[in-house]
Amino acid sequence: MSSITKKKQARELLETITQAHSSRGPKVVQLVHFSDDCGMAQHCNVASVDKPKCWKLSRTNSSNEKEEVVLCIQGIVCDKNLPPIKRPLRVDPRQRKFMKQSIMLTGLGGRYFAECIENIQEIREVLAHEFPRDAMEDWWPS
């Protein structure tokens with residue numbers, strides 16, 4: 001079997017998995033549905049948190065309380081930088097902001113993954129309205 005055939009099969013499987021996750025529960029938790037008519041984009045806003053100082057995408061739940069929005073995405077891990085922490089973390093709090101971890105996902109050119117990327121861009125725009133112009137770094141998929 002050629003690598004092109006394997007990639008196509010993997011993409012089709014990923015699309016099937018994404019579809020299955022979307023139909024299994026509420027669509028509001030799937031990033032692919034964030035901007036749909038039945039999605040949650042119109043119900044979200046940005047909430048500032050003091051400790052630790054950060055901004056979160058949030059919405060008002062059925063109990064009229066603010067809650068953080070958590071979105072799921074299905075993809076294939078193609079790279080990662082997750083240094084292990086084997087003992088209690090003893091880092092000067094001023095230095096913690098310079099620590100980083102990352103993970104890279106691919107959707108192998110699938111339609112659902114492309115929609116997720118578009119929705120990430122939309123979320124970035126929502127967040128950008130909370131800051132002075134050019135305060136946020138540009139983001140684009142690589």
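Quick notes on this one:
- In the set Val32, Val70, only one residue is part of a loop (DSSP other than H, G, I, E, B), within 15 Å of the chain's Cα centre (by Cα) and not polar (S, T, N, Q); that residue is Val70.
- Considered as a group, the residues in region 101-130 that are in contact with a strand residue (DSSP E or B) (Cβ under 9 Å, 6 or more places away or on another chain) and β-branched (Val, Ile, Thr) include one that is surrounded by the most Cβ atoms within 10 Å (Cβ to Cβ), and that residue is Ile123.
- Residues (at pLDDT below 90 and in contact with a helix residue (DSSP H, G or I) (Cβ under 9 Å, 6 or more places away or on another chain)) located in region 73-90: Leu89
- The residue pairs whose first member lies in region 100-123 and is assigned to a helix (DSSP H, G or I), whose second member is buried (at least 20 other Cβ atoms within 10 Å of the Cβ) and among the basic types (Lys, Arg), and whose beta carbons are closer than 8 Å, counting only pairs six or more residues apart or on different chains, do not exist in this structure.
- Any hit, region 78-100, residues being on the phi < 0 side of the Ramachandran plot, under 13 Å from the mean Cα position of the chain (by Cα) and surrounded by 10 or more Cβ atoms within 10 Å (Cβ to Cβ): no
- Taken as a whole, the structure leaves Met40 outside the set of residues that are modelled with pLDDT under 85, hydrophobic (A, V, I, L, M, F, W, C) and farther than 23 Å from Phe113 by Cα.
- Condition check for Phe131: touching a residue at least 40 places away in the same chain (Cβ under 8 Å), among the aromatic types (Phe, Trp, Tyr) and either part of a helix (DSSP H, G or I) or farther than 23 Å from Arg11 by Cα (or both): no
The values are calculated or read from the model by the stated rules, or taken from the named source; none is laboratory data. All figures in this text were calculated on a predicted structure; none of them were measured in a lab. When we count neighbours, we look across all protein chains shown, and the Cβ atoms used for this are built from the backbone with ideal geometry, even at glycine.
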